[in-house]
Structures are given as C-alpha cells and as structure tokens.
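A quick write-up on the structure given underneath.
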Amino acid sequence: MKKWLKSLVLLAAVAVFVAGCSGGTSGSGDIAQEITINAMSEPPDLDPALATDTTSGWVLDHVFEGLYTKDENGNPVLGAASNAEVSEDGKTYTFTIRDDAKWSDGSNVTAGDFEYAWKRTLNPDTGSSFAFYLYYLKGGEAYNKGEGSVEDVGVTAEDDKTLVVELEAPLGYFDELLTMWSFYPVKQDVVEENEKWSAEAETYVSNGPFKLTKWEHDSEVVIEKSENYWDSDVVKLDKVTYKMVNDATTYYQMFKTDELDLIQTLPSDVIDQEKDSEEYSEVPYFGTYMYMFNVDKEPFTNAKVRKAFNLAVDRETLTTNVTKAGETPAHAFVPEGVETPDGDFREAGGAYFEDDAAEAKKLLEEGMKEEGWTELPEVTLLYNTSENHKKIAEAVQAMYKENLGVDVKLENQEWKTYLDTTKQGNFQMARMGWIGVLVDPVVILDYYLGDSPNNRTNWVNEEYDQLMADAKVEQDPEKRYELLHQAEAVLMEELPFNPIYHYTNNYLTSQDFDNIVYPVNRYPYLKWAEKVSE
Amino acid sequence: MYIVKRLLTMLLTIWVIASLTFLIMKFIPGDPFASDADVLPEEVLQNMRAKYNLDEPIAMQYVLYMKDLVTFDLGYSIQSETRSVNSIIADGAPASALLGLQAMVVALIFGLLLGIVAALNQNKALDYVSMFIAIIGISVPSFILAPLLIKYFAVEWGMLPVASWGTWQHSILPTLALAATPLAVIARFMRSSMLEVTNQNYIKTADAKGLSKSKLVIRHGIRNAILPVISFIGPLFVSLITGTFVIEKIFAIPGIGRYFVDSIFNRDYPVIMGTTIFFSTLLVLTLFIIDISYRYIDPRIKLTSGGE
C-alpha cells in the first residue's frame, strides 16, 4: 500500500524537476493555456474570513496568497512575505512584506492589509467560523469571544512593509498555519467600501497567482492569470474555469467529451472502469473515516469491548471490496502525509493493532466477564443517511455478526438531525469523518481533546490532553513529534473510536496537462500547471 | 369587484403559506450552524444567531420576518453569507424560467397534437402509436431519460454538449427531458377530453349541418376540449418554470431548483422561506390568470363571485 504512495511522490518530484529544467523555454506558444475543472458546487463564500469549506478553499488558494504559501512538494515557503524572523522565545514573528507584492488592481499589498484582515476575522461581528484558527495570536481568543479589545490582538503593522505577530505560545507549525486561507490578507478600502465585496467578480480584489474574473452563480467561476502577481513567471495557465456539475454521471461524461479536463470524487463504477487508465490517479487524503463510541453508554463503557469492536472489522476486505477507491485501512488516527525528521509520521508511528477476529472474540468475552454481563447489551450503529455510509455500515454489521456473533442494529438519520443527535450523545456507536485542514498531526489529534467541541464520545483523558498541550508549545520538531506519537498511543490504547480507513481522493486528469500538484489535504493546485498538447 | 376580492384572497393565501412554512421549518430538528467541524465558540455562535435574529423567541422571529417580507426583503442566506435570498432567486430564476418555458411549449405543442391525433383516430394505429409514446413519457422518469439523452446525443453522437449552461445548444437536452412527462400527460388528457367532446350533441349537430371536418375539429372540438387541460397546465406551468431539482442537477443548470431541496437540508431558514414564498406567489398568480382566461375561452363562465 505504501509503495504506490512513494512512487506517486517520486513521480511528482520527477515531473517538477523536468519542468524546472525545461522552464520557460518549452514551446507551448500555440496551445491555449486554459483548463476547465469541476468544483461540483457553488463555493458558498469567497471571502477568506468566512470560507469554511474545501470548494471555496480551492478557489481562494488560487486567487490569494498568504505570508507563507506551499511549494510543489506541499512544504510551506515564504509567499507574500520576503522575510520572516522569529524571536528567541518563539513567540514573536516579524515579517517583511515583499516589495513586489501587489493586489490584482495593481496597488501594493501592505502589512496593514494583513493586520486588517486578521482582526476582521477575529471581530465577533464578522461571525467567522474559522476565527478559532487565529486564537494562536495573542489576545485573539479574548477579542473573538468579546472579552478583550481589538488593540490587544497580537498583530501590528509597524509600517507598510513590516508586520509584527505575537503568539500566545510558540507554535511548531505556524508556517503551515499561515498557508491557510483564514490568514490571507484582504484589501482594506475594498472591504470597507462594500461589505459584500466577495459576492461578485466585479468587486473582487485578491493578491494571488490568479484573479477572479467571472462568477456566474451556480454555473461557473473563472479565474485568470494575474499579471500583478509577484511570481507570475511560474504561472503558465491563462485561464481556469471551475464548472459546478454535481451529478457524478454527468461530470464523468463531460470529462469523456473533453468538456472537463479534471474531475474528482469518482463513483465506484467509474473507478472500476478507469482504474488502469493513465488519466486515473489515487491520492491519499488527509482524513480518517471512523465510528465514535459513546464511552458512557454500555457496552462501550468497557475498553476491552471497544477494542474487540475494533479488531473485529476486516478493514482490508472492506476497502478492497466495499469502498473500492484505494482507501488505506486505518489502524491509527493520523493519516499519512505528514513529513517528519523520521519520515512520514504514520510510517514512523506504525499500526497500533491488527484486525484479528479470534483476538476480538476473546477480548469481547473478557470484557463481558469484567462487567458481569452474560449477554452483550444491544448495540445500535448510527450513521447519516447516504448510500455510501450504508454500504460500509452493512459490511461492518456483517463482520460483527460473523466475527463476534453480535447482532448490531443499523439506524440512519438525515445529516443535520444526525449532528444534533450525536452532539447530545444519543448514540452508542456513530459514524464520523475528520479531515485535516492543515497537514499536521495536531489538527487530527485535537479532535479527541477533553474539551474539544468535536469530541462527542465523552472520553476525557488527562494524560492525552497534557501530551497534546506539551506538543503544542514544544519548539524542537523531533521532540514535538515524539510527544504527538505518545499522545496517539494513549488514544489508541483507550480506543474511544473505531478508525475504519484513511480517505483517498480519486481524479481523472486529461493527459494534455503537466505539473498539476495534488496536495493531501486540498484539491489539485494549478499554480504551475501547463497545457502541453491539444 | 371580483378581481379585488381575488387579489385579497391571494395575499391571504400567501400569508397562510408563509406562516405555516415558518412554523413547520422551526420544528425540524437541527441547527443551521451545526457541522461536523464543530468549532464555533458559544460567543461567536450567539453573534451569528443574532445576525439572523435566531436569538429571539420564535414569535418575535416571525414578526421580524414578516416585517421584512412586506418590504420584499427576504434576508441573507445562512449558507452563503454574502448572498441575499433576493439575489439567489434573481440569479437562478431566469435559467429555470427559460428552461421551464421551453419545456412547456414543447409539451403543449406536441402533447396537444398527439392527443388530438389520437382522439381523431380512435382505436386506429395512429391512436395506439400516440398513446404508446404517451405511456413511455409517463412511465420513464426524468432521471432515467436525462442520462439516456446525454449518452446518445452528447457522448455517442457528439451532437450536443453533455451539460452546463450558456448557449441554446445547452438547453435542448434538458428541455426534452423536462418536457417528456408533461407532454405525455397532456396528450392523454387531451385525448380523453377530445373524445368526450366529439360525442356531444352539438358536435353531431354541427356535423349534420355539413360543417367541414377541419372547422368542426378546430372551432367546436378543440376549443371545448382544451378547457380541462388548461386548468391542469396552470400548476404544471408553475412547477416547470420554478425549476426542477433532478433535471437541474443532472444538466448542471444554474437554476433555483436545487435551493428548494438543499435549503431544507442545510436548515438555511431564509432560503427555505424565500423559495417557498416565491413559488407560492407564482402559483397563486398563475391560478388567478387561468381563472380569468376561462372567461375568454368559454363565455359561459362568468367572473362573478357567486358563480361557478
């Protein structure tokens, strides 16, 4: 399973290298540098302060640029800033904004634009759902919660080019964090003039490789190369069109008739059909599909029973025969994709258990003995209504029947009702998925913190919370990852959840294009993409 | 007088629909701000609720909403915070309306034609062929027909684009897919209505008087037979021009069809209200226009409040 990942990374690296060698001179003069891709649905918000979803993020990442941006390999590198200096204690950052950083209207990007943007996101009146990502800033949380004042927020423009950022505590992955859209600048006078500036292309101003030129709601978003972007030489595409085709059969057929050059989220019959095609690719996605256990509800009050329910799932069979999109069986929480000094975080941490029906049966019996149960309390598995979740739940149900001799009942609810139910803790075992917006183990492991609003399992573990808190302030990367490994080990020992698989994204990409980058936590990035044949 | 009274009833109807929808909507469990990434601190959540008046008691929310409604302000979407419900409807309605109108025209022309041809050739080959087409139209749902149309016309023969919107070519396949069922229903309706009329005494009289066949059919037959069809096409017309979820999804049409469905799944209260009011207003208006049009098609119907 790991082999294809490696070869993929290698392939990307080679592609990038080859592109670097041929740079600029490659004769693509006659080919119209345009690509049409599928966003699947209308991006709900193209305002960096308000966007919370990957579709909006897909457009935002192309039209904006933060202080840091990503390179071809997904590593954070300086973007709108030309220099970053960190203080001794790791709490104060001084950024110098590039002299040639420009807005799409030609004006200069200033440090003040960043200060304004971040404070705007934190302003409780903005109602930003992602404001909590800025809580790392000194005074950010207090201001957002209406307890502090805007003057005390740790971001200040000393002059047009110098931005001083103060953090509550040192943060090991601050550069990665700064690549997120919540940290993009917005142009102060544009926003102040028109609160709804981001609703239409006419009033939209951004600072990235592309600029928004057309937004026909529910139909298409068009972005074009921005001549004012400081690094516009590396941008080859003149025009990117995002279509909003939601029906899987339709967008597959549009790909087949060349109306679309790139599609994702392929239905399983298409995957079967296209698996061997050159246009097909599988990219790990930084997320985990799982079942949460409510540790306050029998029988999942017992750790051995929880473990038994983990071991009784045959994940290999499930991913190869049921989900079929190249997902990786999950025997831990953090997916692959995080580069650490010891290699990939997942590879270094390894698998925490093996699927083992016999062991599962034994554990279940032991657990029942511990609790004095002669019969296991009835278990209902809850999931939100969807064909896909149903298929998986049914397979898991069959495995429990066969491997544990337990009859699990299935129940499904419509999404928003489901969120209510699980939030109130009215479940024993319930489906959930978690995808990291940032590629760092913290983003994943935070999910099960005792005070995390996402943690619906009622599982609270002081050791876990402490290890996570320590990891966050640890400056030395090696020690930091070590603490995170320890935290994950605690979680995997207690197993308040049942990880099923790590997600994968499937793409069909026209062979006419080169240098498309497929990040593990985002949709494909087209900054360096180039059309090489018609 | 009749018209004034009707207009008042219309307003009352819309108000009742809006109020009921408001009430029912508030009873659906779930929170518009809930998601699997439950990250909003209570303080921010309260702020956002306040933005949409959701922090008020339901009765107060209702009063506030009705107050805005009177000034045609439908508020802002919760899902897309920067877009007003008015602009969502204004952006989506033209595409839905255009598609619906085209489908309506196709369905009417061919439906009536099929129905009339079938009736005039009762129990002959043409009748069977027409009704066979009609039965297919009724029994094949649009979500089957649409992919079939795409498969042949767009993928296999490459005559038309698969989906999306913009040129007139883009609108052909969705129009056909959307028109099929109403076409079939109209054809069957027209056939039976026509058969009924042709058995009436006045047709026999006119026939006996030696009126030409074409005059008989057009003047006396169709004109009388079309009445029941008209009362049925009113609601049909409204449902066609306000967009259909399935067809718009399959053909990626930027209409408002999806908002009727998605807004409920998202608990996007302002959009649920906005689309419902938009739809019911159109429906009530169309019914009104149809009532009036009866008067001109059938002089026997009088526009008096006490009558029919």
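The values are calculated or read from the model by the stated rules, or taken from the named source; none is laboratory data. Keep in mind that this is a model prediction, so the values were computed, not measured. Cβ: placed from backbone, ideal geometry, glycine included. Neighbour counts: every protein chain shown.
Hey, among the residues in the range A:379-407 that are assigned to a helix (DSSP H, G or I) and among the charged types (D, E, K, R), which one's modelled with the lowest pLDDT?
Of all residues in the range A:379-407, those assigned to a helix (DSSP H, G or I) come to A:387-404.
Checking which are among the charged types (D, E, K, R) leaves us with A:387, A:390-391, A:394, A:401-402.
On the way: A:Glu387: 87, A:Lys390: 94, A:Lys391: 93, A:Glu394: 95, A:Lys401: 94, A:Glu402: 93.
Out of the qualifying residues, it is A:Glu387.
Go through the residues of the range B:62-76 one by one and say whether even a single one is over 27 Å from the mean Cα position of the chain (by Cα) and in contact (Cβ under 8 Å) with a residue 24 or more places away in the chain.
Step one: list which residues in the range B:62-76 are over 27 Å from the mean Cα position of the chain (by Cα), which gives B:62-64, B:67.
With in contact (Cβ under 8 Å) with a residue 24 or more places away in the chain added as a condition, the list becomes B:62.
Looking for residues that are over 27 Å from the mean Cα position of the chain (by Cα) and in contact (Cβ under 8 Å) with a residue 24 or more places away in the chain, one finds at least one in the range B:62-76, hence yes.
The number of residues in the range B:48-66 being among the hydroxyl-bearing types (Ser, Thr, Tyr) and part of a loop (DSSP other than H, G, I, E, B) comes to 1.
Here are some residues: A:Val334, A:Val338, A:Val396. Which one is aliphatic (A, V, I, L, M), touching a residue at least 24 places away in the same chain (Cβ under 8 Å) and farther than 30 Å from A:Asn73 by Cα? Full working, then the answer.
On the way: A:Val334 fails: farther than 30 Å from A:Asn73 by Cα; A:Val338 fails: farther than 30 Å from A:Asn73 by Cα.
One residue alone meets the criteria, A:Val396.
Within the range A:274-287, residues that are surrounded by fewer than 19 Cβ atoms within 10 Å (Cβ to Cβ) sit with their Cβ atoms under 6 Å from residues that are in a helix (DSSP H, G or I) and of a type in the set (Asp, Glu), at 6+ positions apart or across chains, in these pairs: A:Tyr280/A:Glu274.
Any chance you could count how many residues in the range B:149-159 are within 30 Å of B:Phe189 (Cβ to Cβ) and either in contact with a helix residue (DSSP H, G or I) (Cβ under 7 Å, 6 or more places away or on another chain) or surrounded by 19 or more Cβ atoms within 10 Å (Cβ to Cβ) (or both)?
Step one: of the range B:149-159, the residues within 30 Å of B:Phe189 (Cβ to Cβ) are B:149-150, B:152-153.
Now restrict to residues that are either in contact with a helix residue (DSSP H, G or I) (Cβ under 7 Å, 6 or more places away or on another chain) or surrounded by 19 or more Cβ atoms within 10 Å (Cβ to Cβ) (or both): B:149-150, B:153.
Total meeting the criteria: 3.
From the list B:Ala187, B:Ala146, the one residue that fits, being touching a Leu at 6+ places or on another chain (Cβ under 9 Å), at pLDDT 90 or above, within 14 Å of another protein chain (Cβ to nearest Cβ) and crowded, with 21+ Cβ neighbours inside 10 Å, is B:Ala146.
Exactly one residue among A:Thr179, A:Thr249 is under 22 Å from B:Val155 (Cβ atoms) and polar (S, T, N, Q), and that residue is A:Thr249. Scan the range B:241-273 for residues that are within 18 Å of A:Glu220 (Cα to Cα), in contact (Cβ under 8 Å) with a residue 24 or more places away in the chain and not acidic (Asp, Glu) and the total you get is 10.
Per-residue answers, yes or no, for (1) more than 16 Å from B:Met194 (Cα to Cα); (2) surrounded by 15 or more Cβ atoms within 10 Å (Cβ to Cβ); (3) aliphatic (A, V, I, L, M):
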{"site": "B:Ser87", "(1), (2), (3)": "yes, yes, no"}
{"site": "B:Ala93", "(1), (2), (3)": "yes, yes, yes"}
{"site": "B:Leu101", "(1), (2), (3)": "yes, no, yes"}
{"site": "B:Ile109", "(1), (2), (3)": "no, no, yes"}
{"site": "B:Gly115", "(1), (2), (3)": "no, yes, no"}
{"site": "B:Ala119", "(1), (2), (3)": "no, yes, yes"}
{"site": "B:Val129", "(1), (2), (3)": "yes, no, yes"}
{"site": "B:Ile135", "(1), (2), (3)": "yes, no, yes"}
{"site": "B:Ile138", "(1), (2), (3)": "yes, yes, yes"}
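What number of residues within the range A:122-132 are more than 7 Å from chain B (Cβ to nearest Cβ) and surrounded by 24 or more Cβ atoms within 10 Å (Cβ to Cβ)?
Taking the range A:122-132 and keeping what is more than 7 Å from chain B (Cβ to nearest Cβ), we get A:122-123, A:126, A:128, A:130.
Next, only the ones that are surrounded by 24 or more Cβ atoms within 10 Å (Cβ to Cβ) stay: A:122, A:128.
Of the residues in that region, 2 qualify.
Of the residues making up the range B:232-243, one or more are within 13 Å of another protein chain (Cβ to nearest Cβ) and within 18 Å of B:Val106 (Cβ to Cβ).
So that you can scan it fast, the table gives a plain yes or no per residue for (1) under 30 Å from B:Asn53 (Cβ atoms); (2) over 18 Å from the mean Cα position of the chain (by Cα); (3) among the hydrophobic types (A, V, I, L, M, F, W, C):
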site	(1), (2), (3)
B:Gly221	no, yes, no
B:Ala225	no, yes, yes
B:Ile233	no, no, yes
B:Ile241	no, no, yes
B:Phe260	yes, no, yes
B:Pro270	yes, yes, no
B:Phe278	yes, no, yes
B:Leu283	yes, no, yes
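Condition check ((1) surrounded by fewer than 21 Cβ atoms within 10 Å (Cβ to Cβ); (2) free of Cβ contacts under 8 Å to residues at least 12 places away in the same chain; (3) assigned to a loop (DSSP other than H, G, I, E, B); (4) outside the structural domain of A:Ala157 (by TED's automatic domain parsing)) across all residues:
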site	(1), (2), (3), (4)
A:Glu65	no, no, yes, no
A:Asp99	yes, no, yes, no
A:Asp105	yes, no, yes, no
A:Tyr135	yes, no, no, no
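A single entry from A:Ile500, A:Ile444 fulfils the requirement of being touching a residue at least 24 places away in the same chain (Cβ under 8 Å), part of a strand (DSSP E or B) and either outside the structural domain of A:Gly172 (by TED's automatic domain parsing) or under 23 Å from the mean Cα position of the chain (by Cα) (or both): A:Ile500.
Residue under question is B:Val4, and the condition is that it be within 13 Å of chain A (Cβ to nearest Cβ), part of a helix (DSSP H, G or I) and aliphatic (A, V, I, L, M); does it hold?
Values: within 13 Å of chain A (Cβ to nearest Cβ): no; part of a helix (DSSP H, G or I): yes; aliphatic (A, V, I, L, M): yes.
Here the answer is no, as B:Val4 does not meet what is asked.
Could you tell me which of the residues A:Val109, A:Val186, A:Val205 is among the β-branched types (Val, Ile, Thr), away from chain B (no Cβ under 14 Å) and closer than 25 Å to B:Glu81 by Cα? Give the steps one after another, and end with the answer.
Numbers: A:Val109 fails: closer than 25 Å to B:Glu81 by Cα; A:Val186 fails: away from chain B (no Cβ under 14 Å).
Answer to the check: A:Val205.
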